[in-house]
Protein chains: 2
Amino acid sequence: MCIQALLSGVLIMLRSVLDKMNKYMQIALDEAFSGMRKNHGGPFGAVITIKNKLIAKSHNQVIKSNDPTAHAEILAIRIASRKLRRFDLSDWEIYSTCEPCPMCLGAIHWAKIKKLIYSCTRKDAANIGFDDKFIYDAIKGTSKKIQVRKKLLDRNLCIKAFKEWQNKEDKVSY
Amino acid sequence: MCIQALLSGVLIMLRSVLDKMNKYMQIALDEAFSGMRKNHGGPFGAVITIKNKLIAKSHNQVIKSNDPTAHAEILAIRIASRKLRRFDLSDWEIYSTCEPCPMCLGAIHWAKIKKLIYSCTRKDAANIGFDDKFIYDAIKGTSKKIQVRKKLLDRNLCIKAFKEWQNKEDKVSY
């Protein structure tokens, strides 16, 4: 009986240690649960921090907003850049409850974010119906089935805008 | 003199034919020029059509909005999906004055758009300072220099949200 009580105590301690999450990942997870339960979108949350301070949190809102780009990471980047009024987020960290898809990974790179902490994997996401392999394949050029047909058109005319940009004296490079 | 006049006439005719653009690419190009001249962002425009009808047009607004995700294609998708209140855009076409970056290509795939008509190439964009090769490399796993350090954390806890999604009876799959 004494051993049982001891074991039970150890188990409770172990669980408390095992369940102790990184505080920002906990906030991202809370977002994921909250968004899913409100039917805003899939079970995904993200948080952005700067110098260990929370700047933005969000969850997937594809269903709520009818916006296929409304992934948690994209929304968190939008909130954070609006808040701090800059598009160079190189001193920021992003927490995501899931490995970002190519769209979000692209956004993280454009934002110049240097640290990505994520939780569930692409494979975990694919297992619950969110498979982004077709996008990886399209970007890698290894798709067996092409979803997006591409056509090149009017390059000789659109290149004029690029030439004007090159000669633009007051341009903001980014 | 007569030959000169004839040649000049032929040249004018040729120019008029050569300068005749696809009408939607023309609108996308007008957006690109307009956004660049207003210092909203780089020289990029995009248009979304459905059954040959204009639904949305936009231009890059990274500088104006401080949002690194505010590329022309992403903004056009957001406008169009908000307008038609749906996130499945499989009957749509997107026109872009430039080959989309991986972030926008990801968005186009998530939106299920089937036809992409673009004008300038990735190489043209790189030549004026908008090089997305580092993102392609990161997604392909061929980067020589890693910009975004990745860390896996708390998967055993975040997976709980995925399990709840699996069992959620009123979920909207997308």
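Some points to look at:
- At R0 = 45 Å, FRET efficiency that the Cβ-Cβ distance of A:Lys163 and A:Lys20 yields, to 0.05: 0.20
- Distant-in-sequence amide contacts of A:Lys115, defined by a placed amide H-H separation under 5 Å and a gap of 5 or more residues or a different chain, comprise A:Ile94, B:Arg149.
- Gaussian network model of chain A, Cα within-10 Å springs - most flexible of A:Cys98, A:Cys120, A:Cys158: A:Cys158
- For region B:20-59: rounded, prolate or oblate by the Cα gyration tensor [a/c cutoff 1.5]: oblate
- Computed from backbone phi with θ = phi - 60° and the Karplus coefficients 6.51, -1.76 and 1.60, the 3J(HN,Hα) list for region B:154-168 is 6, 4, 4, 9, 5, 4, 4, 5, 5, 5, 5, 4, 4, 8, 6 Hz; x is used for glycine and proline.
- Exceedance of the 25 Å cut-off in Cα-Cα distance is limited, within the set A:Lys38/B:Lys150; A:Lys83/A:Lys133; A:Lys163/B:Lys23; A:Lys83/A:Lys112; A:Lys140/B:Lys57; A:Lys114/A:Lys144, to A:Lys38/B:Lys150; A:Lys83/A:Lys133; A:Lys140/B:Lys57; A:Lys114/A:Lys144.
- Normalised Debye scattering of the protein assembly as shown at q = 0.15 Å⁻¹ gives log10 I(q)/I(0) of -1.27, counting only Cα atoms as equal scatterers and leaving out solvent.
- Estimated vicinal HN-Hα couplings, Hz - region A:134-148 in sequence order (Karplus 6.51, -1.76, 1.60; Gly, Pro = x): 5, 7, 4, 4, 5, 6, 6, x, 10, 5, 7, 10, 7, 8, 10
- The alpha carbons of region A:26-149 occupy a box of 44, 32, 25 Å along the principal axes, longest dimension given first.
- Of the trypsin sites (Lys or Arg not before Pro) found in region B:83-143, those in coil by DSSP whose Cβ has at most 11 other Cβ atoms within 10 Å are B:Arg85.
- Inter-probe distance in nm under a simple model that places probes 7 Å from Cα toward Cβ, at B:Arg82 and A:Asp88: 2.9
- At 7 Å out from Cα toward Cβ: B:Arg86 inter-copy label distances (nm, ascending): 4.3
- Each label was represented as a point 7 Å from its Cα along the Cα-to-Cβ direction; for B:Leu6 and A:Leu152 these points are 3.6 nm apart.
- In a DSSP loop and with at most 15 other Cβ atoms within 10 Å, there are no chymotrypsin sites (Phe, Trp or Tyr not before Pro) in region A:18-96.
- Stretchable slack from B:Ala126 to B:Leu54, in nm (0.36 nm times residue separation minus alpha-carbon distance): 23.0 nm
- Other-copy label distances relative to B:Ser173, 7 angstrom Cα-Cβ extension, nm: 4.9
- Under-5 Å amide H pairs with A:Ile55, H placed in peptide plane, nonlocal only: A:Ile48, A:Thr49, A:Ile50
No value in this document is a laboratory result; all are computed from the given coordinates. Just so it is clear, the model here is predicted, and its values are computed rather than measured. FYI the Cβ positions are ideal-geometry reconstructions off the backbone, even for glycines, and counts take in every protein chain you see.
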